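Chemist: Mind looking over this structure? Questions follow.
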Amino acid sequence: MKRTEWKVGGTLVACLLTIFALALPANVKAQSGTASIHGHVNNPAGQALNSGDVKLTTDRTSQTNDRKYAYTFAIDANGDYKGSGIAPGNYVVVVFQGAKSIDFNDNVNLAANDDKVVNFDMSRAEYVAKMTPEERKQLEEYKKKNAEVMAANSQIKNLNAELIQARADTKAGNFDEAIKLMQNATTAKPDEPILWIALGDAQLGSADAAAKAARAAGTPSTDPSIQQKYGDAAASYKKGIDLNAASKKPSVETAAVAYNQLGQAYGKQGDAKNASDAYESAAKAQPASAGMYYYNEAATFYNAGKLDEAAAAADKAIAVDPNRADTYFIKGQALIPKATVDPKTQKIVPPPGCVEAYQKYLALAPDGPHAADVKGILQGIGQTIESSYKAGRKKK
C-alpha cells in the first residue's frame, strides 16, 4: 500500500514539475520583454525643443488631453528624450509642452525588446501647413530674426578672433598685418569703438617703427610719410572715442585708454596743444589713474623734445601722484637745460625746482635705474647730494 501511494505521489510530482518547467520560459519572457523608446524633438523653427514631455497611451477613445497616459518621459535641454520599461503594444505618442499637446504619432508599434527611435520634427511641411495664418506669420518673423541674430553672432565671433590676432601682431611688431586685419574689421562693423582703437594701436606702432628707423638712418622723423602715419592713428582713436561716447553705455575705461593713446599720437606729431587736451581728457575719464596719464603726457613730450610741456605735465602728475619716482626724473631732465652760469662765480645755477626734483627722485628710488645719472648731474652742477639719499636704502 505504501509503495502504491509512493508511485502515485511520485507520478503527480513529476507531472507538476514538467508542467511548471514548460510554463516557466513563457512567464519569464512576458515579464522581461519590455520595450524602450528614444528620440529628438524639433520645434517649427527647426530648433531643439528644450522643455516638455513625450507621453504614451493606447487610449484612442477620447480627446488628447483627456486620455490616460501610461508613460511620460521628459524632454531635456538638447531636445532629446528616452524611456524604457514599456509594455509591448500599439501606442499614440504625444509631445506636450505644459498641458498643451503640440505634436503626435498615432501608430507606434513597440514589440518586446524593441528600442525604437521616434523623432518629432515640427518644421515639416505638413505640420506648418496646419498652422493658422497668424502662427505662420509669427514663425516666419521669428525665423528671420533668428537668422539675423545668428549672422550677427557669427560676425562677432569672427571679429573677436581678428581683434585678438591684431593685438598679438601689434605686440609682436607685425604692424602691417594688424592694420590690415583691423581695416577689414572696421569695414565689416564700423560702429564698434574697440576695433577703431585697435586699428589706432597698430597704426601708432607702425609710425613709431618708421620714426625709429629714420633716426637710425640719420634722417628726420618729421618726414611727411611718418607724420601721416601718426595722423592716421589719431584719426582712428578719435573715431573710437566718438563711437564710444555715442553708444548706449559708454565705457569710461575705453574712453580713457583711447584718449591716452590719442595723446601719444598728437605728441609725436608735435601737436602739443591737442596732445595735452587728450591726456587731460584721459585723466578726467579715470581720475583714479590721472597720475599715470599725466606721467605719460610728460614722457611723451620729453621724448619729443618739448621740454617746457614735459615739465608742466610732470607737475600735474606730481600733484595727483607724488610717489612716482620717474616723474621727478623727467621734471629734472626737462629743467636742467635751462641752467645758467653765474658770471661772477662761474658756478652753474640750476633753474628753480630742478635740484629738488632730482633729490626727490633719489629719495623715492635711491637704487633706481637713473640714480647714478642723477647723482652725477648733481655733483656736476656743484650740488651736494643729501646724505640720506647718498648711501641708498639698506637691504634687509
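Every number in this text was worked out from the coordinates using simple rules, so none of it is lab data. Just so it is clear, the structure is predicted and the values come from calculations on it, not from any experiment. Using ideal geometry, Cβ is built from the backbone for each residue, glycine included, and neighbour counts are taken over all protein chains shown.
Chemist: Please say if segment 52-93 is rounded, prolate or oblate, where rounded means a/c under 1.5 for a ≥ b ≥ c the square roots of the C-alpha gyration tensor eigenvalues, and otherwise the choice is prolate for a/b larger than b/c and oblate otherwise?
Modeler: oblate
Chemist: Around D308, what is the net charge, scoring Lys/Arg as +1 and Asp/Glu as -1 over all other residues with Cβ under 14 Å from its Cβ?
Modeler: After counting each charged neighbour, the total is +2.
Chemist: What Kirkwood Rh does the chain have if only Cα atoms enter the pairwise 1/r average? Answer in Å.
Modeler: Roughly 29.4 Å, rounded to one decimal.
Chemist: Please get the size of the charge dipole for segment 323-396, origin at its Cα centre, with Cβ charges of +1 on Lys and Arg and -1 on Asp and Glu, quoted in debye to the nearest 20. Kindly include the intermediate steps, with their values, before the conclusion.
Modeler: On the way: 12 positive and 6 negative charges, 55 e Å.
The calculated dipole for segment 323-396 is roughly 260 debye.
Chemist: Further question: Just to be sure I understand the rule: take each whole DSSP H helix in the chain, project its Cα atoms onto its long axis, keep it if the span is 18 Å or more and its mean Kyte-Doolittle hydropathy is at least -1.0. Which ones pass?
Modeler: Numbers: long enough: 2-32 (44 Å, 0.56); 133-172 (58 Å, -1.17); 175-188 (20 Å, -0.06); 193-216 (35 Å, 0.57); 224-246 (33 Å, -0.61); 252-269 (26 Å, -0.34); 272-285 (20 Å, -0.74); 290-303 (20 Å, -0.48); 307-320 (20 Å, 0.76).
Helices meeting the criterion: 2-32, 175-188, 193-216, 224-246, 252-269, 272-285, 290-303, 307-320.
Chemist: For the chain, set up a GNM with springs between Cα atoms under 10 Å and report which of A129, A211, A363 has the largest fluctuation.
Modeler: A129
Chemist: Could you tell me how far the Cα centroid of segment 205-265 sits from the Cα centroid of segment 64-90, in Å?
Modeler: Result: 64 Å between the Cα centres.
Chemist: For the chain, modelled as a Gaussian network with Cα springs under 10 Å, which listed residue fluctuates most, E141, E126, E177?
Modeler: Judging by the Gaussian network model, the answer is E126.
Chemist: Using only Cα positions of segment 103-237, each an equal point scatterer, no hydration layer, compute I(q)/I(0) via Debye at q = 0.12, 0.13, 0.16 Å⁻¹ and quote the log10 values to two decimals.
Modeler: Log-scaled intensity ratios, in q order: -0.66, -0.71, -0.87.
Chemist: Which is farthest toward the positive dipole end of segment 323-396 among F329, A363, V341, measuring Cα position about the Cα centre, with Cβ charges +1 (Lys, Arg) and -1 (Asp, Glu)?
Modeler: Of F329, A363, V341, it is A363.
Chemist: Net charge within 12 Å of A70 by Cβ-Cβ distance, Lys/Arg positive one each and Asp/Glu negative one each, not counting A70 itself?
Modeler: Neighbour charge sum, excluding A70 itself: +2.
Chemist: Rounded to a whole number of µm²/s, how large is the Stokes-Einstein D of segment 323-396 at 20 °C and 1.002 mPa s, given Rh as the Kirkwood radius over C-alpha pairs?
Modeler: 170 µm²/s
Chemist: Pick from T345, T57, T187: which is most flexible by mean-square fluctuation in a GNM of the chain where alpha carbon atoms under 10 Å apart are linked?
Modeler: Result: T345 has the largest fluctuation of those listed.
Chemist: If you don't mind, another one. If you bin the C-alpha pair distances of segment 167-226 every 5 Å from 0, what whole percents do you get?
Modeler: That works out to 4, 21, 24, 18, 15, 10, 5, 2, 0, in percent per bin.
Chemist: Can you list the residues, at least 5 places off or on another chain, whose amide H is less than 5 Å from the amide H of L49, using H built in the peptide plane?
Modeler: V41, N42, N43
Chemist: Under 5 Å between amide hydrogens, which residues at least 5 positions from Y91 or on another chain qualify, with H placed 1.01 Å from N in the peptide plane?
Modeler: Result for Y91 returns V108, N109, L110.
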